[in-house]
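The values are calculated or read from the model by the stated rules, or taken from the named source; none is laboratory data. Keep in mind that this is a model prediction, so the values were computed, not measured. Here the Cβ positions follow ideal geometry from the backbone for every residue, glycine too, while neighbour counts run over all protein chains shown.
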Amino acid sequence: MDNVKLDDEQSEIINRILAQINLNPQINEPARHYIFDGDTFAEYKGIDQTNVWPAMSGFPDKQNIKYQFAPNGPMPSGRYYFNKKNIEFKDDADWYDRYLGWARPWQRYRDSWGDYRIPLKPANWYQMRGRGGIFAHGGKEFTSAGCLDLTDSGMNDFVQKIRSYPQDDYIIDVRYPFGRDFKWQKK
């Protein structure tokens, strides 16, 4: 992370997670972290891969690293972090708020967003180049305007696993392959 200026909160969270990758004495196990490559979202415990889910990001006609800074392209490559305490459930708005239409817009579009979403914070705002509002979420099928989409089956499984782990803070590294389209690319 040469030449990257992080604020104190970002530095503290990243250092805490990186320290856990070896062994966290408080939970007595290696930290879990994630890698998204444009096609899959993989979970690692230390250096061992423990789970993998199909995943995508961006509109189907923009499934290539060259579109990562374009509107509706895949999420920009780099490091993101999230805290499991920030998981949002579609039914978090009470029935009266939903009846009056005060629910957040994402909660009204279950087919696109699914039951859960998690805000992802970039470790470095420079990597975003004007992009923002990146979430991990589910949905009926792969439909993403630039978020990390796991569909309902993947996201529901991911959230259940995250909630069962003692760790609160997580890292996601987005590493796209060069020179090829992602498998979700529409020709």
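Some notes on this structure:
- Scanning the stretch 145-154 for residues that are surrounded by 15 or more Cβ atoms within 10 Å (Cβ to Cβ) and either assigned to a loop (DSSP other than H, G, I, E, B) or at pLDDT below 90 (or both) returns G146, C147, L150, D152.
- Pair list, Cβ under 9 Å, 6 or more apart: the stretch 51-66 residue touching a residue at least 24 places away in the same chain (Cβ under 8 Å) and surrounded by 23 or more Cβ atoms within 10 Å (Cβ to Cβ), other residue part of a strand (DSSP E or B) and among the polar types (S, T, N, Q): A55/T40
- With respect to the conditions (1) at pLDDT below 85; (2) over 22 Å from T151 (Cβ atoms), K90 falls short on a single one, namely (2).
- The single residue among D157, D169 that is under 18 Å from A55 (Cβ atoms), modelled with pLDDT of 85 or more, of a type in the set (D, E, K, R) and surrounded by fewer than 20 Cβ atoms within 10 Å (Cβ to Cβ) turns out to be D157.
- Of all residues in the stretch 104-116, one or more are modelled with pLDDT of 85 or more and in a strand (DSSP E or B).
- Qualifying residue in the stretch 11-30 (condition: under 24 Å from M75 (Cβ atoms) and at pLDDT 75 or above): no
- Close contacts from the stretch 123-144, counting a first residue that is part of a loop (DSSP other than H, G, I, E, B) and a second that is small (G, A, S) and surrounded by fewer than 18 Cβ atoms within 10 Å (Cβ to Cβ), with Cβ to Cβ under 6 Å and a gap of 6+ residues or different chains, come to G139/S112; T143/S112.
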